[in-house]
């Protein structure tokens, strides 16, 4: 069993029909004279019309691989071994004009942020037409072809879009335009690099469906790069899992995700919250240790330092790619034992239940109107919420739903409109932090989404944590030192890390420092504003468990904000769903997830790709999220609601938040019982899956 | 530790890591850098500083600038002992003598050795210019922090004062002050410092505006920190780079301004050796062919300004990337 054997097996399968053939590719970056291997011995092939997914955490070399294929590597990077050929042509040997030809006709690439792929000062129409002109279409015909191209990516009103400037269009619309441009030359390979990562769940679902449809229509092969395993599972027939520059496992997507054969894949899958998993039951696991730094060369298996199955051989001798089933390979000596990888953390823990009684925090009639260029934007309207001691309230919503505004109002960073009431223990709080007492400030702290912005980059970890200890907890001298070390231990960090500055810490460690800082004053309520959305899944799992453990030991209440339903389901006891600044649904987590759901929640749930069996049929939302400056009349969701009533009541009257039993509230004209009936068919299918 | 919870060892150098170089990809490919994730911003702060110093010391621009500046500093400190003649008392026998073996740069209309005066002339300008720039930078930083952090009415009022102060050319403003306060060295420092403070306040304000909306400032507000502490302990260290650049750039302007004022007769008083003053005293003899009396002080001014600007450029290139 050698590397060649496995590669030969894959090659046999595809033969000469491969659109892309990467064989033993190494990519090296030269940094100050020294070479650093970013991709090591990666081999895979993509057949005609096949969809291949490359999955892995940040820094694993996915994007580098895509850049190598298109020869867009930065000046200090080069393919230092192996070869890449696209449609039978060796990419490395292409001359200037042949390379241009390849990029224009054979391979197209779509990036994460559509807004940055388009020129902001040119109308969309000109930019799309330009692509056709480069492909040899006359200027006069190009405009017509542009319109046709937009129609093919299901843009209903191509004329308007072509006349617009990029900033006038939504992210989903821009990504459609970029995809239309990428497909203009009918390439044989389309590379999509995290194409939906910057988009909302409902928009992501639309784009994924569009890509799947276009693949059939254009008969193009797809290289789909993503950190999101569920998206890859949905979109790709075959998948390659990358870790630290190596392709550790590849095979049919379904098989790889259901019966992973590499310990890294096993560990990664255990980090993703699935249905049925909760903070105390069937806990997420984490991968011990940390990624090798850039340029660190492993003598043995790259994953060995973090692998519970690793032995002496793994540490000294790199494993070849073993065939692990038909058309599957895994770079692991123990690929047969991989599914039984021992857990790193216990699966079951007992957490104290939240206490009922008096709400700790209550919000009544909270609204916020921003004035943006003489336009009044209603970010939040009439929000009533309660938080009880020791519970987690999950706040879910797409971008622009007012989640972050609500968080900032709660802690006093943004003043709500007059008439809004935020109270702590029944005592009304001042509108902004400056008008609250130090005890009130101390009671409520926040963990921000982006730790790079949340931590002062000039301060050391010691200074970052001890300042709130002095200021909020009033500690000094030896007591402060003890408290500092306790806090550090509680977020699983070590005293030797006290002297480091944020730039020396990874994303996960930075977020731990931010959490330690937030806990310094022993808060009673902690607002977590998307604390894990900037982190990789394996780091996210560890942070989520840390938050759950801290809640148990400190009896703190969380307002946990996230756009990720899986994460909220894992952590939250109760859930509020926001849409255009209004609470659409509010109740116990279990009730919200099992239904009956508000039609918006239902659409949201069906939009998220999942690793749990076959996904429910997607409830497609029509149209775009309306602007908060001009919210729709009646029910704000009626413009996109698939269950809009024919009577016209949805357009004219805003429904109240009505009780659906067990404190489950829904803002819908359709009675809960009827919704349950309507949604039952979907559930039955889901339960079977 | 769990997951990707790693520190980045000082040697790993992710700051200039594999993907830090801008890839040659088409518009909109921010993804390349995003692949490196948060680690892309990494690298030891101390190591970064050491590296920046190293980068400066390797930069030819900086080396040339620093050598010229060092030469003039040496002249300012010991200029009088280098030169063979007294820069203040001339010899009438030598008046308007052309450059010769005895007087390399010739002698001026009062028979004073031009070389001696050029060497000695470095002193006052190299005392006044840095002091004025330091004063301007300090006051400007405070103003910039206050206007940028508080914004609102404070910003508007100070902003209008800045506009008013900058409406006139520096030299005219300086004239007004010198006429009103009398032509002393202290006046010169205060006047130039005042005008520079207005300019520097603007730059600092812009940098502060970018910082004040970051979450670490919000976190400080949520633990009841005072405005002064947020400005000076939280924000100031993060805007230090632009301030340092501004200081070096302004220093060049200060030298130029002082020389101009001296030339116009409002700067350093005669008979103290001074480049601007010497040019003023000699330029009318150019027509008579006594070029050396004007050329050498002029070259001195030019070389010092160029040296400071070379340093400013290289500092900017290293600090602001």
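Just so it is clear, none of the values below were taken in a lab; they were calculated from the coordinates. These figures come from a predicted structure and were not determined experimentally. Cβ atoms come from the backbone with ideal geometry, glycine included; neighbour counts cover every protein chain shown.
Assorted remarks:
- Spacing of the two label points (7 Å from each Cα toward its C-beta) at residue B:160 and residue A:348, in nm: 7.3 nm
- Overall form of the range B:51-207 per C-alpha gyration tensor (a/c, 1.5; a/b vs b/c): oblate
- Share, in percent, of DSSP beta bridges within the protein assembly as shown that are antiparallel, nearest 5: 60 percent
- Rounded FRET efficiency, nearest 0.05, which uses the C-beta distance separating residue A:462 from residue B:226 and R0 of 25 Å: 0.70
- Considering all C-alpha pairs of the range A:236-359, those separated by over 26 Å amount to 29%.
- Principal axes of the protein assembly as shown: Cα extent on each, largest first, Å: 114, 72, 67
- In plain terms, the chain from residue A:151 to residue A:364 could stretch by 72.0 nm, reckoned as 0.36 nm per residue minus the Cα-Cα distance.
- Modelled FRET efficiency - R0 45 Å, residue A:612 with residue A:141, Cβ distances, 0.05 increments: 0.40
- Counted residue by residue at 0.36 nm each, then reduced by the alpha carbon distance between them, the extension gain from residue A:297 to residue A:553 reaches 88.1 nm.
- Using a Förster distance of 56 Å, the FRET efficiency for residue B:179-residue B:57 (Cβ separation, nearest 0.05): 0.80
- Binned Cα-Cα distance frequencies in the range A:328-441 - 10 Å width, integer %: 11, 31, 22, 12, 11, 11, 2
- Ordering of A:41-49, B:95-103, A:628-636 by packing [mean C-beta count within 10 Å, highest first]: A:41-49, A:628-636, B:95-103
- Peptide A:446-459 has a mean of 5 when you count, residue by residue, the C-beta atoms of other protein chains within 10 Å of its C-beta.
- Length added when fully stretched, residue A:492-residue A:434, from 0.36 nm per residue minus Cα-Cα: 17.6 nm
- Shielding of peptide A:506-515 by partners, expressed as the average count of other chain Cβ atoms within 10 Å per residue Cβ, is 5.
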